[in-house]
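The values are calculated or read from the model by the stated rules, or taken from the named source; none is laboratory data. Note that the structure is a prediction, hence the values are computed from the model and not measured. Virtual Cβ from ideal backbone geometry, glycine too; neighbours counted across all protein chains shown. Heavy atoms of the whole protein, side chains included, go into the accessibility calculation; ligands, DNA and RNA do not. Shrake-Rupley method; radii C 1.70, N 1.55, O 1.52, S 1.80 Å.
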Amino acid sequence: MHIDILTLFPQMFQGPFSLGIFKRAIDRKLVSINIHNIRDYTHDKHHTVDDYAYGGGAGMVLKPEPIFEAVESIKSKPGADELPIILLTPQGRLFSQQIALELSKYRHVILICGHYEGVDERVREHLVTDEVSIGDYVLSGGELAAMVVVDAVVRLLPGVLGSEASLLDNSHVTGLLEYPQYTRPAVYRGWSVPEVLLSGNHTQIAKWRREQAIQRTLKRRPELLDKANLSLEERQLVDRLRDCLSTSPPLSPSPFKERGKSGIEGASPLQTSLDE
Ligand code: SAH
């Protein structure tokens, strides 16, 4: 896969893309990433990329010309005619694992990072094919958003992660949040790893993990369960747990306020009833 990123701050990408799975994926030629400085596509002496907003108001707007020219220059290369041109914007469709999967199928994508007050509306109207937001909050630039998108997409490319299987259970991949994970030591400060995980019984372990994933999703993100792929038996489990929840005191708006001695779920009255 090839990814072109248009930005005013190419330096911001140096750290993240030169480490870990990115570095490995780039070194192994599973992905190539080109960072383009929007300023390089200006023609005036001062390399102007932004200007005041028509109609007034605080803040600068990115001019359309350098962005159009940068995209057209990338698209003029052979094989780059049909590709998604994605503007990072808080007004875009909300990024998700589903969108990451969808983007990972393309051979080539272009990402455009805005800054200041955003980009001239004509970029949105006449250049981009898609708009993506990474959440309902406002960042000062699209660079961090582009890194989030690229990270989520690149780890889905075949061969990028060491073990393909490790992808499958991840939160949001199955439609559920992932089950709790433990590593050695088996007892730490008196807190034990659940017995079943030490049993070596893979059927029991798989069953426990599945139930934990369902309970966890119900507790933290119940709306995800509506779309999750559950068996009839699992749906019945969800109904039983839901009944149990409806008789429990409401969860604090911030689960972290409820943090108890044994971690985030520890002191929650809800978890206690789920575990019963
Ligand atoms: N005035 C704009 C926000 C501009 S924020 C508005 O109200 O819609 C500046 C730039 O940061 C944007 O052009 C965009 O590229 C990036 N950005 C900010 N928040 C973002 C988000 N939640 N997701 C993706 N990009 C975001």
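Can you tell me how many residues within the range 1-45 are part of a strand (DSSP E or B) and charged (D, E, K, R)? Before the answer, list the steps.
To start, the set of residues in the range 1-45 that are part of a strand (DSSP E or B) comprises 2-7, 32-37.
Remaining after also requiring charged (D, E, K, R): 4.
Number of matching residues: 1.
Mind listing just one residue for me: the one in the range 142-153 that is aliphatic (A, V, I, L, M) and open to solvent by less than 30 Å² (accessible area, probe 1.4 Å) and, of those, farthest from the ligand (Cβ to nearest atom)? Reasoning before the result, please.
Kept after step one, since they are aliphatic (A, V, I, L, M), are these residues of the range 142-153: 144-150, 152-153.
Now narrow it down to the ones that are open to solvent by less than 30 Å² (accessible area, probe 1.4 Å): 145-147, 149-150, 152-153.
Numbers: 145: 3, 146: 8, 147: 11, 149: 8, 150: 13, 152: 13, 153: 15 Å.
Out of the qualifying residues, it is 153.
Can you tell me which of 163, 133 is small (Gly, Ala, Ser), closer than 30 Å to residue 218 by Cβ and within 11 Å of the ligand (Cβ to nearest atom)?
On the way: 163 fails: within 11 Å of the ligand (Cβ to nearest atom).
Just one listed residue meets the conditions, 133.
Here are 66, 84: which of them is open to solvent by less than 70 Å² (accessible area, probe 1.4 Å) and either within 14 Å of the ligand (Cβ to nearest atom) or farther than 22 Å from residue 154 by Cβ (or both)? Steps first, answer last, please.
Details: 84 fails: either within 14 Å of the ligand (Cβ to nearest atom) or farther than 22 Å from residue 154 by Cβ (or both).
The unique qualifying residue is 66.
Please work out if residue 139 is closer than 26 Å to residue 78 by Cα and either open to solvent by less than 50 Å² (accessible area, probe 1.4 Å) or not in a strand (DSSP E or B) (or both). Talk me through it step by step, then tell me what you get.
Working: closer than 26 Å to residue 78 by Cα: no; either open to solvent by less than 50 Å² (accessible area, probe 1.4 Å) or not in a strand (DSSP E or B) (or both): yes.
No; evaluated as a whole, the condition is false for this residue.
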Practice problem: Show the residue pairs that are 6+ apart or on different chains and have beta-carbon atoms under 7 Å apart, the first residue being within the range 112-128 and at positive phi, the second being part of a loop (DSSP other than H, G, I, E, B) and open to solvent by 20 Å² or more (accessible area, probe 1.4 Å). | Solution: 116/59
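Any idea which residue in the range 69-121 is farthest from the chain's Cα centre (by Cα), counting only those that are in a helix (DSSP H, G or I) and of a type in the set (Ser, Thr, Tyr)? It would help to see each step written out before you state the result.
Our first condition is that a residue be in a helix (DSSP H, G or I); within the range 69-121, this holds for 69-75, 97-104, 121.
Okay, now just the ones that are also of a type in the set (Ser, Thr, Tyr), so 73, 104.
On the way: 73: 29, 104: 13 Å.
Looking at residues that are in a helix (DSSP H, G or I) and of a type in the set (Ser, Thr, Tyr), I get 73.
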Quiz prompt | Any hit, the range 12-26, residues being more than 21 Å from the chain's Cα centre (by Cα), at pLDDT 95 or above and open to solvent by 30 Å² or more (accessible area, probe 1.4 Å) | solution = no
Self-check item: Residues that are charged (D, E, K, R) and in contact (Cβ under 8 Å) with a residue 12 or more places away in the chain, drawn from the range 21-37
Solution: 24, 28
Practice problem: Could you check how many residues of the range 202-223 are closer than 15 Å to residue 174 by Cα and of a type in the set (Ser, Thr, Tyr)? | Solution: 1
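Looking for whichever is buried (at least 16 other Cβ atoms within 10 Å of the Cβ), out of contact with any Ser or Thr (no Cβ under 8 Å at 6 or more places or on another chain) and within 13 Å of residue 238 (Cα to Cα) here; the options are 216, 209. Which one fits?
On inspection, the qualifying residue turns out to be 216.
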Quiz item: Say we look at the range 46-58 and pick out the residues that are in a strand (DSSP E or B) and in contact (Cβ under 8 Å) with a residue 12 or more places away in the chain; which of these is most open to solvent (accessible area, probe 1.4 Å)?
Solution: 51
Quiz prompt | Unmet criterion (only one of (1) closer than 22 Å to residue 126 by Cα; (2) surrounded by 14 or more Cβ atoms within 10 Å (Cβ to Cβ)) for residue 77 | solution = (2)
Practice problem: Please specify each residue of the range 95-123 satisfying the condition of being in contact with an Asp or Glu (Cβ under 7 Å, 6 or more places away or on another chain) and either within 6 Å of the ligand (Cβ to nearest atom) or open to solvent by 20 Å² or more (accessible area, probe 1.4 Å) (or both). | Solution: 113, 116
